[in-house]
Amino acid sequence: MGLSSQDAFAEWDDERYSVDIDRFDEQHKRLFGLLNDLHTAMDEGHSEEKVGDILRELERYTEYHFGDEEEFMQDCGYAMDCADCFYNHREMHEEFADRVSELREKHENGEHITVEVLQFVRDWLDSHIGASDVDQSYGEYYREEIEDYEYSPGQLKRDRRTARDDATDASDEDRSDAEFDVTVAGDVYQGGDLSIPDGPMAAWFDGLVERYGERTAALLPRDGQYVERTFADLDERARAVAAGLLDAGFAPGDRLAVQAASQYEWSVVDLACQMAGLVSVPLYQWFDPERAVDVVEAADVAGLVSDPETPVAVEEAVDSVIQIEELPTAAARTLPGFEADADDVATIVYDAAETDEQSGCELTHRNLLTAVASLTESLPLDPGATGTCILPLAHVYQRVATYYLWEAGGGVAYVGTDDVVSELTEIQPTVLIGTPQVYQELYGEFQDRIGDLGWMKRKLAGRVASYGRGMLDGSGTPLKYSAAKRLVFGPLREAVGLGDLEYALASVGSLDDHLQYFFRGFGVPVSELYGPVESAGVATLNHGDSFQIDSVGRPMPGTELARSEEGTVLVRGPNVTAGCLDEQATKRSLHDGWLHTGDAGEFDADGALRLDGR
């Protein structure tokens, strides 16, 4: 790869470099574009700040691309069938990432970066993307070995139980109750008073139907467009399914597992369980069959709602199986769920990262409604808003966020995961419910679109992270930021469906600083929510309007937080579970009303929580 034109230091050649997978061709082209931008900036004597911005962007995008590429290799089977090829790739990735980080560090330390160093990076791209370093490229493998496969980023999950886990359980059984006690050290930080609806979830939703009956409660993808369902429609459907479940032999208090993709009918089942007085037990679709069977057996479920992707072994482990596409219905009647107590168990949920099938967390109606009220108080919305359901509804974060949208009179758009950006463009959400991975995907989409801009606009966009950093650290933004917003950032937000966004919410981990700076500069301030499943996903909020880097925010309304003598974060409030399926898990987690999160952290003078490692 040589200097083939005066404009391109690194020239893309489809015949040599294309892997015939659009996703990765676009990412490779973006790496070429960043390298060309860096060469141009150095060659034309641009400011050191500009060079630094490009280097940081190159480092960031390298990490994003390599992670995505390696996940694909593992998910499609390439890493297993051609293990040497995969590990060669990984070693080359690590070498390149180290060299890019070294370049960035040298620049920050005031050292000169020579063109020879850039040529090494360019030659590495040529060797690696041209696949001269492996026996078979993953592009060839994909073309020749794979049929009927579609890559879904982020689906790989570690789902293993280790000997260490078993040893921990054994040691817990030998401990006395006194050994689980916890002592609060220092101040207790309060999120403020909160008005919590009384009664069960079924009565709460009935009140929403009275308030918002003909407003849109859901948007369903159908034949390339979204169709609406009102609150009244959803209520009628859920009541019919609740009656159908009772007629099918389920009784109040029975546990019903749900393993299906996030969709409108999933929410119908959720509400139907509340109305029928059943306890829902959501299962993640990525649970391997053995894990899923262990969960349904430990939870003693009476039946399973499944979809075509549910393994046969899981269906065979229960007495009754209902396909989500064929939900039973019956004529409307008085439903027992409306008479449930607020402190009755409404659902049993699992932490996606937890390996113990006995760790199912029992959340009551009061727990869920407290979480909804806390979000509503913290992030107020007007009726008519639209929010996303991209994540698994098996996760309490997405599920509570769905309730929050309904509480405000908003609609939930059940977004397919095949092409999130095109779906966002269609629905133009008011609220984006995401995780760091969702924002990583959007980051990649923004970067690809930036790469397609003309030189001048691309130059303006190249400073986006610096603009965001200036906003968050208080140093401000230069005058040309106004031009960048008008000419680049605003149109790009519209193009990816974020033009009407009021809140961008992230949970299940924190965005790294660069992503926060990037989205802030683009005009998408991200609010981060922290809360384990045992507190219904709610504890602290780092609000986008007052965001603090290196913090997970302050206690949310209705919650109290403190720190134990050992440095562990403690949470207390009506959102906190009364217990887990397993007595030992309950002893580990709950002490004198405090939830022992297992996360180490400390509070600053203003009550903002900082977690170790986040």
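The values are calculated or read from the model by the stated rules, or taken from the named source; none is laboratory data. Everything numeric here is computed off the predicted structure, so don't read it as measured data. Cβ atoms come from the backbone with ideal geometry, glycine included; neighbour counts cover every protein chain shown. Ligands, DNA and RNA are excluded from the accessible area calculation, which covers all protein heavy atoms including side chains. Shrake-Rupley method; radii C 1.70, N 1.55, O 1.52, S 1.80 Å.
Count of the stretch 281-295 residues, restricted to those that are in contact with a helix residue (DSSP H, G or I) (Cβ under 6 Å, 6 or more places away or on another chain) and either at pLDDT below 90 or outside any helix (DSSP H, G or I) (or both), is 1. Counting the residues of the stretch 424-452 that are over 27 Å from residue 386 (Cβ atoms), open to solvent by 40 Å² or more (accessible area, probe 1.4 Å) and not charged (D, E, K, R) gives 0. Going by the structure shown, is residue 362 open to solvent by 40 Å² or more (accessible area, probe 1.4 Å) and under 23 Å from residue 539 (Cα atoms)? Spelling it out, residue 362 is indeed open to solvent by 40 Å² or more (accessible area, probe 1.4 Å) and under 23 Å from residue 539 (Cα atoms).
Among the candidates 66, 72, the residue that is part of a helix (DSSP H, G or I), at pLDDT 75 or above and farther than 21 Å from residue 515 by Cα is uniquely 72.
For the stretch 379-386, the count of residues that are small (Gly, Ala, Ser) and over 19 Å from residue 269 (Cα atoms) is nonzero. Only residues that are assigned to a helix (DSSP H, G or I) and open to solvent by 10 Å² or more (accessible area, probe 1.4 Å) were counted in the stretch 296-311, giving 2. Out of 277, 244, one residue alone is surrounded by fewer than 19 Cβ atoms within 10 Å (Cβ to Cβ) and either without any contact (Cβ under 8 Å) to a residue 12 or more places away in the chain or out of contact with any Asp or Glu (no Cβ under 6 Å at 6 or more places or on another chain) (or both). It is 244. Of everything in the stretch 179-194 that is open to solvent by 50 Å² or more (accessible area, probe 1.4 Å), out of contact with any Pro (no Cβ under 9 Å at 6 or more places or on another chain) and outside any helix (DSSP H, G or I), the residue that is modelled with the lowest pLDDT is 181. Restricting attention to the stretch 403-422 and to residues that are in contact with a strand residue (DSSP E or B) (Cβ under 7 Å, 6 or more places away or on another chain) and not hydrophobic (A, V, I, L, M, F, W, C), the residue that is surrounded by the fewest Cβ atoms within 10 Å (Cβ to Cβ) turns out to be 416.
I'd like the full set of residues that are among the polar types (S, T, N, Q) and either closer than 22 Å to residue 59 by Cα or crowded, with 24+ Cβ neighbours inside 10 Å (or both), limited to the stretch 503-541.
Matches in the stretch 503-541: 507, 510, 516, 535, 540.
Any residue in the stretch 570-584 that is hydrophobic (A, V, I, L, M, F, W, C) and within 23 Å of the chain's Cα centre (by Cα)? Yes: one or more hits. In the set (1) of a type outside the set (A, V, I, L, M, F, W, C); (2) open to solvent by 10 Å² or more (accessible area, probe 1.4 Å); (3) part of a strand (DSSP E or B), the condition left unmet by residue 388 is number (2). Taken over the stretch 582-614, the residue count meeting the criterion of being out of contact with any strand residue (DSSP E or B) (no Cβ under 7 Å at 6 or more places or on another chain), open to solvent by less than 50 Å² (accessible area, probe 1.4 Å) and closer than 15 Å to residue 362 by Cα is 4.
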